[in-house]
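Notes follow once the structure below has been shown.
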């Protein structure tokens, strides 16, 4: 038998070409910096500066826009975390059983026919 070269079955390297990345993995930080520059340039073009943009957002929040109010508060103070009020003053009604000093009244739960009469002598 002759050794024939194996045909690729379509799975070899999953179609990847060495040296060429086609969007796999995390984007480079340079791309993030580019978007930062673009957004800052857009803010400067529309509002004049970043400070003027925040003044406009504050004006909209003052006019009653809850979305802008939340935006300013979250940016300045951070998102609120869930807070739970814990009260220690709660009273719990738990019966207290004292084993060291039993009460004077002892309840006898023995049936009548099985009780031992202390006045009778056993024979």
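The values are calculated or read from the model by the stated rules, or taken from the named source; none is laboratory data. In this text, all values refer to a predicted model and were calculated from it rather than measured experimentally. Cβ atoms come from the backbone with ideal geometry, glycine included; neighbour counts cover every protein chain shown.
A few comments on the model shown:
- Enumeration of residues in segment 47-73 that are assigned to a loop (DSSP other than H, G, I, E, B) and over 21 Å from residue 36 (Cα atoms): 63, 64, 65
- For the criterion of being within 29 Å of the chain's Cα centre (by Cα) and surrounded by 10 or more Cβ atoms within 10 Å (Cβ to Cβ), residue 88 fails.
- Residue match in segment 74-83 (condition: surrounded by 10 or more Cβ atoms within 10 Å (Cβ to Cβ), assigned to a helix (DSSP H, G or I) and either at pLDDT 80 or above or more than 30 Å from the chain's Cα centre (by Cα) (or both)): yes
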